[in-house]
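Q: Please find one structure pasted underneath; my questions will follow.
Read-outs: derived from the displayed coordinates by stated rules, not from any lab. Computed from a prediction, not measured in an experiment: that's the story for all the values here. So basically every Cβ, Gly included, is an ideal-geometry build from the backbone, and we count neighbours across all protein chains shown.
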Amino acid sequence: MRVVVALGGNALLKRGEPMTAEVQRANVRKAAAALAALTRQHDIVVAHGNGPQVGLLALQASAYKDVAPYPLDILGAESVGMIGYLVEQELANALAPGTKLATLLTQIEVDPNDPAFGRPEKPIGPVYDDTEAATVRLSHGWPLVEETEGRWRRVVPSPLPKRITQIETIRLLVDFGVTVICAGGGGIPVIRDRAGDLVGVEAVIDKDRAAGLLAEQLGADAFLMLTDVEAVYEDWGTPRQRPIRHVRPDRIDAAAFPAGSMGPKVEAACLFAARPGRMAGIGRLEDAAAILEGRAGTLIS
């Protein structure tokens, strides 16, 4: 099968781990081993998150006070280049010699009139205390959200992905047997200006929605979202919680799951699997092959 695999940012950098280059490389090496096992039976295209990494770059950039903060699209491109480099190198080490690999910084067009631009809700970057938050709000004009008492983060719009600008290039590479790493971090969000030129915008596209669009436009047979959670759980966080193993896309409601985590995954899975003959899976990175076979995680088809 042709399988689009979306690696969650937390699958590449575990919760609570230090954000060192060594830790990230070690996690990417484990991810590459799981992906290499998939390539023995399937053709894969790899997308990935960048949440922890782009937050680290924002922290590093904020330490340099002599220039205005770098635009979010540029920080996103930097983080995607870093992760793509690690994923490509470790995949090359895990796969058979001569395997063709390519990493592509992917620009994804969004609608400048998307309602998300009027309601920034996606937290990004460093955490500020009350004093720092007041300074940041005054100096940069950023909207902030108080995630926990006295702990603030910047929020940005999260518009829907509309068009993968390089889809023909990606398709060409895939059709010629190249394992492509693309749509990293949900893609770099861009719009068309009045002259018709592409320009970056201060936004973050949900990684799973972007990967779902990629799977759709590549005509994939399966779409895997791999994270650090075993499966989609019904009644999560209650004594009644239980994993959902296999469900039809019309029998599960994405709105019943947290909007900041599992909700977009279920939504993207249902959109892709709505067409007969296609499947979407959600689960742990190390269970990738077992999810496709219906032996682990959650399978939606």
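Q: If a paramagnetic tag sat 7 Å from the Cα of residue 101 along the Cα-Cβ line, which residues of the range 166-196 would have the backbone N under 13 Å from that point?
A: 179-182, by backbone N distance to the label point.
Q: Give me a comma-separated list of calculated 3J(HN,Hα) values for the range 296-301, in order, Karplus coefficients 6.51, -1.76, 1.60 applied at θ = phi - 60°, integers in Hz, x for any Gly or Pro.
A: 7, x, 10, 10, 10, 7
Q: Helix 51-62 versus the longest principal axis of the chain: what angle, 0 to 90°, nearest 10, using Cα atoms?
A: Computed tilt is about 20 degrees.
Q: For residue 103, list long-range residues whose amide hydrogen, built 1.01 Å from N in the peptide plane, is under 5 Å from its own amide hydrogen.
A: For residue 103, whose amide H was placed from the backbone, the distant partners under 5 Å are 181.
Q: What FRET efficiency do you get for residue 230 and residue 2 if R0 is 35 Å and r is their Cβ-Cβ distance, rounded to the nearest 0.05?
A: 0.85
Q: Over 23 Å between Cα atoms: which of 30/122; 122/207; 100/162 fall into that group?
A: Numbers: 30/122 28 Å; 122/207 12 Å; 100/162 29 Å.
Over 23 Å apart, Cα to Cα: 30/122; 100/162.
Q: Ok, one more. If you build a Gaussian network model of the chain, linking Cα atoms that sit under 10 Å apart, which residue out of 185, 281, 263 swings the most?
A: Answer for the Gaussian network model of the chain: 263.
Q: Still on this structure, I have one more. Let me know the charge dipole size of the chain about its Cα centre in debye, to the nearest 20, where only the beta-carbon of Lys, Arg (+1) and Asp, Glu (-1) is charged. Please report the intermediate quantities before stating the final value.
A: Values: 32 positive and 37 negative charges, 136 e Å.
Once rounded to the nearest 20, the dipole reads 660 debye.
Q: Also, quick follow-up: So if I place +1 on the C-beta of Lys and Arg and -1 on the C-beta of Asp and Glu, and nothing else carries charge, what would the dipole magnitude of the range 153-225 be about its Cα centre? I want it in debye, nearest 20.
A: In total the dipole reaches around 320 debye.
Q: Moving on to the next point. I want to check the label-to-label distance for residue 240 and residue 172. Put each point 7 Å from Cα in the C-beta direction and report it in nm to one decimal.
A: 5.4 nm
Q: While we're on this one: Could you tell me which of 211, 139, 120 has its Cα farthest along the dipole of the range 114-215 towards the positive end, charges placed at Cβ (Lys, Arg +1; Asp, Glu -1), taken about the Cα centre?
A: 211
Q: May I ask what percent, to the nearest 5, of DSSP beta bridges between residues of the chain are antiparallel?
A: Numbers: 21 of 47 bridges.
The antiparallel proportion sits near 45 percent.
Q: Zone of residue 41 (label point 7 Å along Cα→Cβ, backbone N under 15 Å): which residues in the range 190-230?
A: 221-224
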